[in-house]
């Protein structure tokens with residue numbers, strides 16, 4: 001008997017391709033403030049975008065929670081994985097690329113898709129920090145290891161050059177983009193030195209190259225252990241919108257570099 005699910009819903013064209021729920025913001029009697037990760041980051045991003053008059057609550061997409069029965073379509077009870085769900089349930093998805101630009105090696109999805117030819121992984125990370133998973137590195141198809149305190153010019157050049165080659169080597173049906181902000185200068189856990197403007201430019205670069213191929217892209221915001229990352233994520237979304245790379249009816253955009261200003265000279 002076919003599996004019945006309530007996960008899928010009609011999304012009106014007037015809504016933005018931004019998935020958010022207040023439940024993303026984790027609180028526990030104030031103890032979350034003791035953790036280096038800003039557990040309320042996503043709510044702050046949405047607040048910034050509302051202040052800029054970019055969107056309202058009615059324009060957001062709130063995802064429905066998957067039931068155990070939904071997840072067990074593609075997993076055992078011991079293990080679950082979202083991208084595998086796409087392969088099994090979404091028509092037309094048979095090849096995927098993961099672009100992991102978080103400061104840490106993405107050993108989780110690397111172990112998940114070890115030996116799976118459908119998934120191409122490009123990982124750009126600080127080679128000196130956690131997790132240093134040598135076994136998982138075998139799953140990386142395009143590996144870019146960075147040194148301590150890598151700055152904008154070197155970082156953006158390596159991201160652009162390697163992403164271009166990655167998209168040539170494996171033409172995906174969907175791209176999952178891990179847009180970690182722990183690459184930001186001053187992040188003690190990331191150990192890199194990318195400016196706020198550099199992060200905004202990085203996201204623009206990825207979206208331009210992927211959208212030029214008419215490939216859908218899913219961006220997740222991932223790591224970032226400073227309070228100011230929420231503002232930077234919001235600024236990046238505003239920049240992508242201003243360039244026509246995201247929005248209810250975002251058009252195809254050339255992969256060439258833009259001369260449009262990304263941000264004011266100073267970012268709070």
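Observations on the model:
- Residue in segment 90-111 that is outside any loop (DSSP other than H, G, I, E, B) and at pLDDT below 90 present: no
- Enumeration of residues in segment 55-65 that are closer than 17 Å to residue 24 by Cα and either in contact (Cβ under 8 Å) with a residue 60 or more places away in the chain or in contact with a helix residue (DSSP H, G or I) (Cβ under 7 Å, 6 or more places away or on another chain) (or both): none
- Selection count, segment 192-220, where residues are crowded, with 20+ Cβ neighbours inside 10 Å and assigned to a loop (DSSP other than H, G, I, E, B): 1
- Any chance residue 162 is crowded, with 16+ Cβ neighbours inside 10 Å, in a helix (DSSP H, G or I) and touching a helix residue (DSSP H, G or I) at 6+ places or on another chain (Cβ under 7 Å): no
- Top-ranked residue in segment 66-81 [being touching a helix residue (DSSP H, G or I) at 6+ places or on another chain (Cβ under 9 Å) and surrounded by 13 or more Cβ atoms within 10 Å (Cβ to Cβ); ranked as modelled with the lowest pLDDT]: 80
- Residue pairs meeting the criteria (Cβ under 6 Å; at least 6 apart or on separate chains; first under 10 Å from residue 235 (Cα atoms), in segment 195-207; second at pLDDT below 95 and surrounded by fewer than 23 Cβ atoms within 10 Å (Cβ to Cβ)): 196/267; 197/262; 197/263; 200/262; 200/263
- In segment 143-159, of all residues being under 30 Å from residue 94 (Cα atoms) and in contact with a helix residue (DSSP H, G or I) (Cβ under 7 Å, 6 or more places away or on another chain), the one that is surrounded by the most Cβ atoms within 10 Å (Cβ to Cβ) corresponds to 159.
- With respect to being buried (at least 21 other Cβ atoms within 10 Å of the Cβ) and either within 28 Å of residue 93 (Cα to Cα) or modelled with pLDDT of 95 or more (or both), residue 237 fits the description.
- Count of segment 1-48 residues which are free of Cβ contacts under 8 Å to residues at least 24 places away in the same chain, touching a helix residue (DSSP H, G or I) at 6+ places or on another chain (Cβ under 8 Å), within 23 Å of residue 186 (Cα to Cα) and in a helix (DSSP H, G or I): 1
- Just one of the numbered conditions (1) outside any helix (DSSP H, G or I); (2) closer than 25 Å to residue 193 by Cα; (3) touching a strand residue (DSSP E or B) at 6+ places or on another chain (Cβ under 6 Å) is not true of residue 134: (3).
- Condition check for residue 223: under 15 Å from residue 101 (Cβ atoms), assigned to a loop (DSSP other than H, G, I, E, B), under 18 Å from the mean Cα position of the chain (by Cα) and modelled with pLDDT under 90: yes
The values are calculated or read from the model by the stated rules, or taken from the named source; none is laboratory data. Here the structure is a predicted model, which is why all the values come from computation and not from measurement. Every residue, glycine as well, gets a Cβ built from its backbone with ideal geometry; the counts of neighbours run over all protein chains shown.
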